[in-house]
Amino acid sequence: MLFTADHDEPRRILQKFIAAEINPFVDEWEKNDIFPAHELFKKLGDLGFLGLNKPVEFGGQGLDYSYAVMMAEELGAITCGGVPMAIGVQTDMATPALARFGSDEVRREFLEPAIAGDAVACVGVSEPGAGSDVASIKTQARSDGDDYVINGGKMWITNGVQADWICLLANTSDGQVHRNKSLICVPMKTRGVQVARKLDKLGMRSSDTAQIFFDNVRVPKRNRIGEEGKGFTYQMVQFQEERLWGAAACLKAHEFIIAETIEYTRNRKAFGKSILDNQTVHFKLAEMQTEVELLRALVYRAAEALIAGEDVTRLATMAKLKAGRLGRELTDACLQFWGGMGFMNETPVSRAYRDSRLTSIGGGADEVMLTVLSKMMGTLPKANKNGPE
């Protein structure tokens with residue numbers, strides 16, 4: 001069993017926090033295309049939610065991964081996708097490798113303030129020519145004595161506009177593409193770091209997303225996470241938590257849209273009866289609710305395996321794939337049942353339709369997930385064996 005009575009109190013506190021400190025302001029943040037990350041993260045840090053499964057010596061709670069799943073699931077009750085995603089970047093995308101592989105010195109400098117909510121973090125992997133193809137990134141961190149000198153650029157960086165530091169994946173040698181990369185913590189105020197522009201997105205409007213350039217950015221080598229050349233491996237490990245977190249965050253969000261659609265279609269009349277009374281509507285909603293429960297079972301199973309120390313690449317990849325595809329199918333079906341109102345920005349279903357589309361892209365596109373699974377099944381053609389890890 002993934003959850004116990006010990007999860008009840010932090011769940012209750014988080015639910016109360018979302019109801020009081022987040023949801024009343026979501027519409028304003030969506031309109032402004034940004035939310036106050038430093039202010040909100042500090043409040044979450046004070047409550048201990050930014051380091052549930054992080055080491056206690058750096059301010060974390062030292063709990064197992066089930067608490068991270070609980071938090072991700074509850075964040076799905078936020079009435080937009082952008083704010084939960086930004087929080088997830090802080091807790092389960094930019095910091096897992098740092099917490100696991102970083103030196104005490106680098107964890108003290110970067111992890112501790114991220115857990116406390118005193119610093120906003122982002123993760124820099126994707127580039128204009130290398131999104132899901134992580135091995136093909138071009139950003140270079142050239143060795144110069146005790147420093148790295150970084151040149152290149154990153155694209156689609158969540159929290160990038162407001163971030164205090166970035167967990168950057170860069171090439172630190174000219175070797176084999178899976179063994180020449182390192183993860184480096186780079187303060188965003190370092191000379192040569194430029195937030196080139198705040199990107200205008202289809203959905204996730206309340207979350208700021210940036211394009212970032214690095215022009216002869218000099219950082220000490222002590223900012224590196226773990227061993228040089230192990231960055232690709234560390235990032236693949238980090239991806240597993242990211243993908244599981246993303247799938248868990250979809251659960252309550254999907255259930256919310258189903259519930260809102262039931263309420264709307266029950267009260268909307270057409271041809272002399274409630275829209276909900278049509279078999280195609282209530283059958284489809286029942287099918288979608290079933291799919292959400294199947295996704296929940298997969299997420300919980302993967303989380304239990306992760307806690308047990310097992311390699312969850314297969315299960316996390318499946319969960320990520322299923323979450324993305326279900327989000328597209330579910331929100332499309334529900335929007336259709338809302339009719340003309342579903343096409344209006346003022347309705348929750350239209351926001352969910354836009355926001356959920358990213359799940360099939362971010363953290364590895366559906367096609368990458370399928371390639372990973374095919375590789376693990378031994379069905380990937382030999383010419384493609386060097387595809388995604």
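For this structure, a couple of remarks:
- Placed amide H near G124: partners under 5 Å, 5+ positions off or other chain: C167, L168, L169
- Added length on full extension, which subtracts the Cα-Cα distance from 0.36 nm per residue, R142 to N32: 35.7 nm
- Of L168, G131, C185, farthest towards positive along the dipole that unit charges on Lys, Arg, Asp, Glu beta carbons give segment 128-199: G131
- Projecting the Cα atoms of T280, F110, T379 onto the charge dipole of the chain (Cβ charges, centred on the Cα centre) puts T379 farthest toward the positive pole.
- With a cut-off of 14 Å between beta carbons, the residues surrounding R197 carry a summed charge of 0, where Lys and Arg count +1 and Asp and Glu -1.
- Shape category assigned to segment 148-189 from the gyration tensor of Cα positions, a/c cut at 1.5: prolate
- Summing Lys and Arg as +1 and Asp and Glu as -1 over all other residues whose Cβ lies under 14 Å from the Cβ of A305 gives a net charge of -2.
- For the listed peptides 7-18, 230-241, a ranking on the average number of other beta carbons within 10 Å per residue, highest first, reads 230-241, 7-18.
- Distance from segment 98-175 to segment 213-239 (C-alpha centre basis), Å: 6
- Cβ crowding within 10 Å averaged over residues, with 245-256, 69-80 ranked highest first: 245-256, 69-80
- Gain in span if fully extended, T379 to K201, counting 0.36 nm per residue against the direct Cα distance: 60.5 nm
- Cα Rg over Rh - segment 27-155, Kirkwood: 1.00
- Seen through its C-alpha gyration tensor, with square-root eigenvalues sorted a ≥ b ≥ c, segment 277-389 comes out prolate because a/c lies at 1.5 or above while a/b is bigger than b/c.
- Heavy atoms of E260 accessible to a 1.4 Å probe, total area in Å² rounded to 10: 70
- Modelled spin-label separation between E39 and D8, with each label point placed 7 Å from Cα along the Cα-to-Cβ direction: 3.5 nm.
- Estimated dipole of segment 281-389 in Debye, rounded to 20 [Cβ of Lys and Arg +1, of Asp and Glu -1, Cα centre]: 260
- Taking the Cα centre of the chain as origin and assigning +1 to Lys and Arg Cβ atoms and -1 to Asp and Glu Cβ atoms, the resulting dipole is close to 900 debye.
- Taking every alpha-carbon pair under 8 Å whose residues sit at least 6 apart, segment 289-385 reaches a relative contact order of 28 percent.
- What you get for segment 1-72, charging only the Cβ of Lys and Arg (+1) and of Asp and Glu (-1), is a dipole of about 100 debye around the Cα centre.
- Whether segment 193-297 is rounded, prolate or oblate, judged on the alpha carbon gyration tensor where a/c under 1.5 counts as rounded: oblate
- GNM result for the chain, Cα springs below 10 Å: residue of K154, K269, K54 fluctuating most strongly: K269
- Probe 1.4 Å, accessible area per residue of the chain, Å²: 44
- Fraction of accessible area attributable to carbon and sulfur, the chain (%, probe 1.4 Å): 52
- Among K375, K31, K273: highest mean-square fluctuation, GNM of the chain, C-alpha pairs under 10 Å: K273
- In this entry, segment 123-180 is assigned a mean projected area of 4.4 nm², taken as a quarter of its C-alpha convex hull surface.
- Entry note: segment 46-98 has Rg to Rh equal to 0.96, where both radii use alpha-carbon atoms and Rh is the Kirkwood radius.
- Short-range pairs are left out: with C-alpha atoms under 8 Å and at least six residues apart, the relative contact order of the chain is 16 percent.
- Most fluctuating residue given options N23, N267, N223, as computed from a GNM of the chain linking Cα atoms under 10 Å: N267
- Nearest-10 value in Å² for the accessible area of R325, using the 1.4 Å probe: 110
- Summing +1 for each Lys or Arg and -1 for each Asp or Glu among the other residues whose beta-carbon sits under 9 angstrom from that of Q211 gives +3.
- Cut-off 20 Å (backbone N to label point 7 Å along Cα→Cβ of T290), residues of segment 326-341: 326-335, 337
- Remark: the D104-R266 segment gains 52.6 nm on full extension, using 0.36 nm per residue and subtracting the alpha carbon distance.
The values are calculated or read from the model by the stated rules, or taken from the named source; none is laboratory data. This one's a predicted model, so the numbers in the text were calculated from it and none came from an experiment. Using ideal geometry, Cβ is built from the backbone for each residue, glycine included, and neighbour counts are taken over all protein chains shown. Side chains included, ligands, DNA and RNA excluded: accessible areas come from the protein's heavy atoms. Shrake-Rupley method; radii C 1.70, N 1.55, O 1.52, S 1.80 Å.
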